[in-house]
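Trainee: I am attaching a structure below and will ask some questions about it afterwards.
The values are calculated or read from the model by the stated rules, or taken from the named source; none is laboratory data. Note that the structure is a prediction, hence the values are computed from the model and not measured. Positions of Cβ are generated from backbone atoms using ideal geometry, with glycine treated the same way; all protein chains shown enter the neighbour counts.
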Amino acid sequence: MVAAIIVAMIALVLIFVQAGMIRTAWRMVEYTPPLNAGDAEADPRAESVSFRTGDGLSLNGALFQPEGRKARGLIVFCHELGGSRWSALKYAQALLDAGFAIFSFDFRSHGESDSLDGYEPFHWVTDFEVNDLRSALSYVSSRPDLSELPIGMFGVSRGGGTALAVAGDDDRVKAVVCESAYSCCKMMCVFSQRWHSLFGPDWLMTRLPQTHATFTLAAARRIASIRRGCRFVHIERNLAKLRNRPVLLISGQRDNYVCPEIAENIFDGIDSDQTTLWLVPKARHNQARETATREYDERIVALFDHLDGLKTVAGIGVEVPVATPSGRAG
């Protein structure tokens, strides 16, 4: 009888401790760091458009066409959390100069697009962002002036993860560039290890198996998804589908939010000699172009040259740095 009582008490303590860890993990999942997307002004050069999502929302878009010539391809741009369609040329001006059309749009609850009642967007990729991007692809594919153009995709931060998730399932997307992209599971794992002292004392946390952390984070994601009415998207499941397409992953070596380890995990998940990981010295989150403007522009244009078979850096006329044999370029 005494032994049974002791076992029951131990079980209650373990349940209490586990519940506390899940609550801490849930708060970590829900916390949105200050990403400072910055404001961007409307550009009168763009054609303003709108299109509908599968669940009936109206999203606003902007189409930039190269001046005085037919577009070589169409780049669909996916902005970061807190950004808007007007941030596209902050990253992709060189592509417009090189003859590519740029289509950018406001995700739901951003810019001038409709908001979904009850949904507060946060920094994780959910099924809502994926559905918005799929609707954008359907829109550009429905336009006679755009439907014949080869499509590339360019995403930044959360927009990068969304781009990878959608491109893996859509053969219309022929090439992808991502800056500061991250996957849900790896990102949470890295942050739970970085902040493990919030979950419990070191002597306990260092002895728990990895399966315990996996279960705790999965439970936290489930709570967050129910509270926000969304579903987390695990891009890891789609990475291998990109092996036969050119992909450029850009990561700042001084990015304290999406650390290079996360970018390397995506690179390894694709596992292709057509994928390049560029770790940009001294660059912080989403600041690779500000840190290395010339090389940034060279690399993104060279990657999208694959869309029409050209191998020169059109409109720039300089040699593109070559990645190391592993695909990692410093």
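Trainee: Filter region 235-259 down to residues that are surrounded by fewer than 21 Cβ atoms within 10 Å (Cβ to Cβ) and either assigned to a helix (DSSP H, G or I) or outside the structural domain of residue 306 (by TED's automatic domain parsing) (or both), then give me how many there are.
Mentor: Residues of region 235-259 that are surrounded by fewer than 21 Cβ atoms within 10 Å (Cβ to Cβ), as a first pass: 236-238, 240-241, 243-246, 253-254, 256-257, 259.
Retained after the next criterion (residues that are either assigned to a helix (DSSP H, G or I) or outside the structural domain of residue 306 (by TED's automatic domain parsing) (or both)): 236-237, 240-241.
Within region 235-259, residues that are surrounded by fewer than 21 Cβ atoms within 10 Å (Cβ to Cβ) and either assigned to a helix (DSSP H, G or I) or outside the structural domain of residue 306 (by TED's automatic domain parsing) (or both) number 4.
Trainee: Taking the residues in region 91-109 that are among the hydrophobic types (A, V, I, L, M, F, W, C) and assigned to a loop (DSSP other than H, G, I, E, B) as candidates, determine which candidate is surrounded by the most Cβ atoms within 10 Å (Cβ to Cβ). Before the answer, list the steps.
Mentor: Initial filter on region 91-109 (among the hydrophobic types (A, V, I, L, M, F, W, C)): 92, 94-96, 98, 100-103, 105, 107.
Then keep just the ones that are assigned to a loop (DSSP other than H, G, I, E, B); that gives 98, 100, 107.
Numbers: 98: 23, 100: 29, 107: 27.
Here the residue is 100.
Trainee: Out of (1) within 24 Å of residue 247 (Cβ to Cβ); (2) out of contact with any strand residue (DSSP E or B) (no Cβ under 8 Å at 6 or more places or on another chain); (3) assigned to a loop (DSSP other than H, G, I, E, B), the odd one out for residue 144 is which?
Mentor: That leaves (1) as the condition not met.
Trainee: Right, here's the next one. Inside region 95-126, can you point out the residues that are touching a Phe, Trp or Tyr at 6+ places or on another chain (Cβ under 8 Å) and of a type outside the set (A, V, I, L, M, F, W, C)?
Mentor: The answer is 104, 108, 109, 111, 113, 119, 121, 126.
Trainee: Among the residues of region 275-296, write down those that are part of a helix (DSSP H, G or I), of a type outside the set (Lys, Arg) and in contact (Cβ under 8 Å) with a residue 40 or more places away in the chain.
Mentor: The answer is 288, 296.
Trainee: For residues that are without any contact (Cβ under 8 Å) to a residue 60 or more places away in the chain and buried (at least 19 other Cβ atoms within 10 Å of the Cβ), scanning just region 112-158, find the one that is farthest from residue 304 (Cα to Cα).
Mentor: So, considering only residues that are without any contact (Cβ under 8 Å) to a residue 60 or more places away in the chain and buried (at least 19 other Cβ atoms within 10 Å of the Cβ), the one farthest from residue 304 (Cα to Cα) is 121.
Trainee: Got a sec? Which of 247, 233, 258, 301 is among the hydrophobic types (A, V, I, L, M, F, W, C) and in contact with a His (Cβ under 9 Å, 6 or more places away or on another chain)? Steps first, answer last, please.
Mentor: Values: 247 fails: in contact with a His (Cβ under 9 Å, 6 or more places away or on another chain); 233 fails: in contact with a His (Cβ under 9 Å, 6 or more places away or on another chain); 301 fails: in contact with a His (Cβ under 9 Å, 6 or more places away or on another chain).
One residue alone meets the criteria, 258.
Residues are listed down the side, and each one gets a yes or a no for (1) farther than 20 Å from residue 169 by Cβ; (2) modelled with pLDDT under 95:
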site: 274; (1), (2): no, yes
site: 278; (1), (2): yes, no
site: 282; (1), (2): yes, yes
site: 285; (1), (2): yes, yes
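Trainee: Are there any pairs, at least 6 apart or on different chains, whose C-beta atoms fall under 9 Å, with the first in region 297-311 and at positive phi and the second at pLDDT 95 or above and not in a helix (DSSP H, G or I), and if so, which?
Mentor: Within 9 Å, no pair qualifies.
Trainee: Anything in region 263-288 that is over 16 Å from residue 176 (Cα atoms) and buried (at least 22 other Cβ atoms within 10 Å of the Cβ)? List them, or say none.
Mentor: 280, 283, 286, 288
Trainee: Here is a further query. So, in region 56-90, exactly how many residues are assigned to a loop (DSSP other than H, G, I, E, B) and touching a helix residue (DSSP H, G or I) at 6+ places or on another chain (Cβ under 7 Å)?
Mentor: 6
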